Amino acid sequence: MTQELVIKRKLQKVVSKISDSQIVRFFKKLSPYMISKGIKYLRHFGIKEFLIRLSDRIEPEEVPYEPWYEQHRASEQELARQRSQKWADPVRISIAVPLYRTPLLYLEQMVDSVRNQTYPHWELCLANGSPENEALRDAVAAYAAQDERIHVLNLPENRGIAGNTNAAVEMATGEYVGLLDHDDLLAPDALYEVASAISGWEKRTEIFPELLYTDEDKVEADLSRHFQPNLKPDFNPDLLRSNNYICHFLVFARALYERVGGFDDRYEGAQDHDFILRCSEEAEGICHIPRILYHWRVSSASTADNPLSKEYAYESGARAVEAHLKRCGLSGEVSRKKDFGCYRVDYQVSGEPLVSIVIPNKDEKETLQKCLTSIFEKTTWKNYEIIIVENNSTSQEIFDYYKEIDGRNGVHVVYWDREFNYSAINNFGIRHAKGDYILCLNNDMEVISPDWMTGMLAHCQRKGTGAVGARLYYPDGSIQHAGIIIGIGGIAGSVFVGMKNGHTGYMHREALQQDLSAVTAACMMIKREAYDAAGGFEERLAVAFNDVDFCLKVREAGYLVVYDPYAELTHYESKTRGPEDTEAKARRFQGEIEYMRTRWIRILKEGDPYYNPNLSLSKWNYSLRASS
């Protein structure tokens, strides 16, 4: 049996649950190139992971992107309004484009996308690294003759991506420079939105943003279809270390470029990731514009369509992240993940600090015992104490168990004799804690990854990090918690809930280290100084949203909240609390909702900065927000 036939049969199995018409359309696309690409991916991922990624790729979109894009792109009326706008003190934006063996049709479409901008205060700087290509040299000379805003530099030789890009940037005379690949396209309102953002930031914060980026999508080589939108969060340093999520459209202050030293050819292939990391370390302000303003053309040789075409780039990316960590004074080891362009950072723990694990408990001896046994037997970090907060148990069995464990293996039992209040119980337990790092843990947890506590501690030790959350699974292996987004479900909700194990979600977000607005306190490590700065858990929130409120207070105090997907546990989900089935409980829950709406009205109104406003607040899987 040929490899091509094996691939086709596996594909048929994956798509067996999809409609006949979808299957027909899919298999019509299977060109020899696609089959060859599939074989390479199969070898890279292995059969199981290959099929998971394939099923994710061809699964029908809940909200189809193409019509969504058409509805959300700037209308002709809006574009006309932008063209007529008068700018009192316009910022000049230079577009830097490194050319190398650029197909003439792609060149024409790229240049036209710049010339069609509604914002007129731009210049286009073309650095041609193909001196032997007479047709390309003649074409760019013709463009320069047609429009005085277009400038051309014919390089004597190809300097590589970094060198050609530097040459284009050095031609620029604008206060800001935007990067455009030679075969990609800008939306007609791209520079208008960038100029507006620069002006708006200055008025609002009295700070010029020195680094700006937009959302993007991909477009077929013949421009027939837009797909795979990359809807990004606001600046997210831990996500940037995990993946160059910023990518296109990138605009930076010329002064920032000069401070950081331009593009470095030591990181060829990932020179943009390295450059963005260096800019993020120095930029006075970083601004995200949540609009699709850049179209990344897909071709068989491009990274957009075939990541395997630039395998060397991912090694360069890992080295770029390592260099960034060193500059930031962080000790960590960077490794590549199987998903292309994604990295894991294993930070190193300094010293042997004590971790105080606080576990509220009521009855449920077997549940607690299972939790403790998994900690004792599987956890590699050894310097910890366990504080069990007993809360009105009724069974003699659990009190007998307390006698067995109290005072042994670092376990201490303390007694809370008032009504159930999750916030108050945790605050009470933390008052008994001796460690500088506190690990809030539910009693219905079971450890999966042995280095879970070490990894969380390494994150928590970092300067500026206040709290760290884990990846939690239901007993069937599906996702129970991969971070919390403010606004989902009305107040806040976990993302990717119920997603099968092995899937990584939208843009691999479920499986990447990143900063979030909140994580669940079912398993959350807290730096003592951040706990004090936040004032502990809010005791008016007895059951719901207390962890969300706490994380938001930690962020308000200037700390990061980090999601660590490599800290993995099984969560058997709130066995001891009981159902919300009484009128008093309903009133209490409504009161907690009102507290959150009042206390955090600004973020609820403006949106979670770590979640794109174009994404749904009624779904948990990063699907597009349906148009009203």
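Results for (1) open to solvent by less than 20 Å² (accessible area, probe 1.4 Å); (2) over 17 Å from L457 (Cα atoms); (3) of a type in the set (V, I, T); (4) in contact with a helix residue (DSSP H, G or I) (Cβ under 6 Å, 6 or more places away or on another chain), shown as yes or no for each residue.
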{"residue": "A318", "(1), (2), (3), (4)": "yes, yes, no, no"}
{"residue": "V321", "(1), (2), (3), (4)": "yes, yes, yes, yes"}
{"residue": "L330", "(1), (2), (3), (4)": "no, no, no, no"}
{"residue": "S335", "(1), (2), (3), (4)": "no, yes, no, no"}
{"residue": "F340", "(1), (2), (3), (4)": "no, yes, no, yes"}
{"residue": "I357", "(1), (2), (3), (4)": "yes, no, yes, no"}
{"residue": "K362", "(1), (2), (3), (4)": "no, yes, no, no"}
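Pairs linking a residue in segment 368-384 that is under 15 Å from W452 (Cβ atoms) to a residue that is aliphatic (A, V, I, L, M) and open to solvent by 30 Å² or more (accessible area, probe 1.4 Å), with Cβ atoms under 7 Å and 6 or more positions apart or on different chains, are N383/L354; Y384/L354. Filtering D549, D515 for residues that are over 25 Å from Y347 (Cα atoms), acidic (D, E), at pLDDT 95 or above and surrounded by 21 or more Cβ atoms within 10 Å (Cβ to Cβ) leaves a single hit, D549. P131 meets each of the listed conditions (1) assigned to a loop (DSSP other than H, G, I, E, B); (2) modelled with pLDDT of 95 or more; (3) of a type outside the set (D, E) apart from (2). Looking only at residues of segment 493-504 that are open to solvent by 20 Å² or more (accessible area, probe 1.4 Å) and among the small types (G, A, S), we find that the one that is nearest to Y384 (Cα to Cα) is S494. For segment 101-129, the candidate set comprises residues that are among the aromatic types (F, W, Y) and in contact with a Lys or Arg (Cβ under 8 Å, 6 or more places away or on another chain); within that set, the residue that is nearest to E76 (Cα to Cα) is W122.
Kindly indicate whether T118 is at pLDDT 95 or above, under 22 Å from A221 (Cβ atoms), out of contact with any Cys (no Cβ under 9 Å at 6 or more places or on another chain) and not in a helix (DSSP H, G or I). Steps first, answer last, please.
Values: at pLDDT 95 or above: yes; under 22 Å from A221 (Cβ atoms): no; out of contact with any Cys (no Cβ under 9 Å at 6 or more places or on another chain): yes; not in a helix (DSSP H, G or I): yes.
Spelling it out, it is not the case that T118 is at pLDDT 95 or above, under 22 Å from A221 (Cβ atoms), out of contact with any Cys (no Cβ under 9 Å at 6 or more places or on another chain) and not in a helix (DSSP H, G or I).
Matching residues to (1) crowded, with 21+ Cβ neighbours inside 10 Å; (2) among the aliphatic types (A, V, I, L, M):
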position: K403; (1), (2): no, no
position: Y415; (1), (2): no, no
position: Y437; (1), (2): yes, no
position: V447; (1), (2): yes, yes
position: G477; (1), (2): no, no
position: A482; (1), (2): yes, yes
position: I491; (1), (2): no, yes
position: Y506; (1), (2): no, no
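Applying the condition of being open to solvent by 30 Å² or more (accessible area, probe 1.4 Å) and among the acidic types (D, E) to segment 556-578 and asking which residue is modelled with the lowest pLDDT yields E573. Within segment 579-613, the set of residues being at pLDDT 95 or above, over 19 Å from N546 (Cβ atoms), open to solvent by 30 Å² or more (accessible area, probe 1.4 Å) and out of contact with any Asp or Glu (no Cβ under 6 Å at 6 or more places or on another chain) comprises R602, K605, E606, G607, P613. Residue count for segment 100-116 under the criterion of being among the aliphatic types (A, V, I, L, M) and open to solvent by 60 Å² or more (accessible area, probe 1.4 Å): the result is 2.
Taking the stated definitions as given, is L153 assigned to a strand (DSSP E or B), within 14 Å of D181 (Cα to Cα), in contact with a Leu (Cβ under 8 Å, 6 or more places away or on another chain) and without any contact (Cβ under 8 Å) to a residue 60 or more places away in the chain? Quick ask: steps written out before the conclusion?
On the way: assigned to a strand (DSSP E or B): yes; within 14 Å of D181 (Cα to Cα): no; in contact with a Leu (Cβ under 8 Å, 6 or more places away or on another chain): yes; without any contact (Cβ under 8 Å) to a residue 60 or more places away in the chain: yes.
Answer is no for this residue.
Among the criteria (1) open to solvent by 30 Å² or more (accessible area, probe 1.4 Å); (2) in contact with a Ser or Thr (Cβ under 7 Å, 6 or more places away or on another chain); (3) at pLDDT 95 or above, the one L541 does not fulfil is (1).
When we screen L256, L191 for residues that are in contact with a helix residue (DSSP H, G or I) (Cβ under 7 Å, 6 or more places away or on another chain) and open to solvent by less than 20 Å² (accessible area, probe 1.4 Å), the only hit is L256.
Answer yes or no as to whether S350 is open to solvent by 50 Å² or more (accessible area, probe 1.4 Å) and either among the β-branched types (V, I, T) or without any contact (Cβ under 8 Å) to a residue 24 or more places away in the chain (or both). The answer is no for S350. Taking residues in segment 414-441 that are within 21 Å of G455 (Cα to Cα), and partners anywhere that are acidic (D, E) and assigned to a strand (DSSP E or B), the pairs with Cβ atoms closer than 8 Å and at least 6 places apart or on different chains are A433/E385; K434/E385; G435/E385.
I'd like the full set of residues that are touching a helix residue (DSSP H, G or I) at 6+ places or on another chain (Cβ under 6 Å), part of a loop (DSSP other than H, G, I, E, B) and either open to solvent by 20 Å² or more (accessible area, probe 1.4 Å) or not aromatic (F, W, Y) (or both), limited to segment 259-275. Working first, answer last.
Of the residues in segment 259-275, the ones touching a helix residue (DSSP H, G or I) at 6+ places or on another chain (Cβ under 6 Å) are 259-260, 262-265, 267-271, 273-274.
If we keep only those that are part of a loop (DSSP other than H, G, I, E, B) too, we end up with 262-264, 268-270.
If the condition is that a residue be touching a helix residue (DSSP H, G or I) at 6+ places or on another chain (Cβ under 6 Å), part of a loop (DSSP other than H, G, I, E, B) and either open to solvent by 20 Å² or more (accessible area, probe 1.4 Å) or not aromatic (F, W, Y) (or both), then G262, D264, E268, G269, A270 are the ones that fit.
Out of the residues in segment 370-392 that are touching a Ser or Thr at 6+ places or on another chain (Cβ under 9 Å) and either open to solvent by less than 30 Å² (accessible area, probe 1.4 Å) or among the aromatic types (F, W, Y) (or both), which is modelled with the lowest pLDDT? So the residue we want is N391. Once segment 156-166 is narrowed to residues that are in contact with a helix residue (DSSP H, G or I) (Cβ under 8 Å, 6 or more places away or on another chain) and assigned to a loop (DSSP other than H, G, I, E, B), the residue that is most open to solvent (accessible area, probe 1.4 Å) is R159.
Among the residues here, R278 does not qualify as assigned to a helix (DSSP H, G or I) and either free of Cβ contacts under 8 Å to residues at least 40 places away in the same chain or surrounded by fewer than 20 Cβ atoms within 10 Å (Cβ to Cβ) (or both).
Of the helices (runs of 4 or more DSSP H) lying entirely inside segment 365-481, those containing at least 1 residues that are basic (K, R) and more than 28 Å from D549 (Cα to Cα) span 365-378, 396-405. Listed conditions (1) outside any loop (DSSP other than H, G, I, E, B); (2) open to solvent by 60 Å² or more (accessible area, probe 1.4 Å) are all met by V97, apart from (2). With respect to (1) closer than 30 Å to I603 by Cα; (2) under 21 Å from the mean Cα position of the chain (by Cα), the lone exception for D272 is condition (1). Being open to solvent by 50 Å² or more (accessible area, probe 1.4 Å), modelled with pLDDT of 95 or more and not β-branched (V, I, T): is that true of D234 here? Yes, satisfied.
The values are calculated or read from the model by the stated rules, or taken from the named source; none is laboratory data. The structure presented is a predicted model; accordingly, all values stated were derived computationally and were not measured. Neighbour counts are summed over all protein chains in view; Cβ atoms, including those assigned to glycine, are modelled from backbone coordinates with ideal geometry. For accessibility, only protein heavy atoms count, side chains too; no ligands or nucleic acids. Shrake-Rupley method; radii C 1.70, N 1.55, O 1.52, S 1.80 Å.
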